[in-house]
Amino acid sequence: MWKGYRSICLIALAAGGVAIADAATRGVAAQNCSAMRKINIAVSVAPPNVVHTSPHVAKELGFFAKRCIEPNIIQFEGGASATASAAAAQGSAIVSVSDVAIGRGMKVQQFWGLAPRMPQAYMVSPDVKTAADLKGKKLSATGGGVGGFNWRMGREILRTAGLTVDDAHFISAATAGRLPGLLAGQIDGVALHPEDVYLAKKQKPALNVLVQLADLMPNYMFNAYGASLEWIARDRALLRDTAAAMIEANRAMFRDKANVMPIIEKATDKPRDAVEYAIDVLTKNCIWSINTGFDPKRTQWSIVNFTETAATEKDRKPTVEQVANIQLAKEAVEAAGGPVTIGNCKD
């Protein structure tokens, strides 16, 4: 059943490990847990990108334990992959869920917005200077193939030059192959997270950043955790408390960079300088949410964007209410101590 992803068990880190373990112990004691509530929490990439590490931080800092939650963090090859979709529909894991999947009939609903804004840049081979130069090129379709994230981004960039998806060749591959594929010349365009942008330019300075995706599509809803409708009805409290723990983790990533750095470095298996660069990008640009992560206007825009530009999806337009359970997200925020503002970040 779990073929296609693997469990991750983070151990206490040498730097700060005792403090982390103590925090978890205090959390359990404070709640007087008679039993730990178990939950499978998926991340969309193997290994995760920095933006996806909220579950890892929440686990290591004891935010789950103090709510009597025992998380099992698992990895998928893309949030829209077949295994991720099956886990979401079957109610066996909380997963990054898109409006596309819901429009296609999956009985799931988003309940917390992990990262409402896109952190990625679209990086291209040295000979690509404009979107028009992508005609005939090989573009990434990692993260679920047609309808998946990289496919959607490639399509949007092609549209700016009056091109369609038929004007380029989309290549499906494992998400871990995004950066190596670009460096090796196997693909000519791919959406890369900040830490991979940093590493790409470091290893091959001639690569170009064609566009920051948040500038291209500022209203696009990037990443939200979802669960099956049956699960939401059956155990709303567990999902609320799970989201509350990750909300605390996101806030810690804004406020306590030194403490979360070793956790994220371990989880992503990326060099410290790349992780530090990524954390700065994510916090300065309010990529991670610190509250619900939802804006109904953003969700509506994302729904319209896909269904109005994909001919096969025009009859599959869900409502905002079908896509996002904003009330459940608000309950999670209250469980995390209520809404906060950090710098200019409010989502």
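Accessible surface computed residue by residue for the chain, with neighbouring protein chains in place and a 1.4 Å probe, gives 40 Å² per residue.
The modelled label-to-label distance between Asn32 and Val146, using points 7 Å beyond Cα along the C-beta direction, is 5.8 nm.
Between Ser172 and Leu229, the FRET efficiency estimated from the beta carbon spacing at R0 = 30 angstrom works out to 0.55. For region 174-258, taking the reciprocal of the average inverse distance between every pair of different Cα atoms yields a Kirkwood hydrodynamic radius of 16.4 Å. Using θ = phi - 60° in the Karplus curve 6.51 cos²θ - 1.76 cosθ + 1.60, the 3J(HN,Hα) couplings for region 91-97 round to x, 9, 7, 8, 9, 5, 10 Hz; x is entered for Gly and Pro. Largest to smallest in accessible area, the residues Val97, Val209 fall in the order Val209, Val97 (1.4 Å probe, all protein chains included). Placing unit charges on each Cβ (+1 for Lys and Arg, -1 for Asp and Glu) gives the chain a dipole about its Cα centre, and among Gln322, Pro271, Ala141 the Cα reaching farthest toward its positive end belongs to Gln322. Size descriptors for region 243-308: radius of gyration and Dmax over Cα atoms are 14.7, 44 Å. Ligands, DNA and RNA left out, the 1.4 Å accessible surface of region 218-260 is 48% carbon and sulfur atoms. Expressed as a whole percent, the accessible surface of region 273-347 that belongs to carbon and sulfur atoms is 48, based on a 1.4 Å probe. Given Lys202/Lys284; Lys201/Lys346; Lys38/Lys66, which pairs have Cα atoms separated by over 24 Å? Over 24 Å Cα-Cα: Lys201/Lys346.
The values are calculated or read from the model by the stated rules, or taken from the named source; none is laboratory data. Here the structure is a predicted model, which is why all the values come from computation and not from measurement. Here the Cβ is made from the backbone with ideal geometry for all residues, glycine too, and neighbour counts use every protein chain on show. Ligands, DNA and RNA are excluded from the accessible area calculation, which covers all protein heavy atoms including side chains. Shrake-Rupley method; radii C 1.70, N 1.55, O 1.52, S 1.80 Å.
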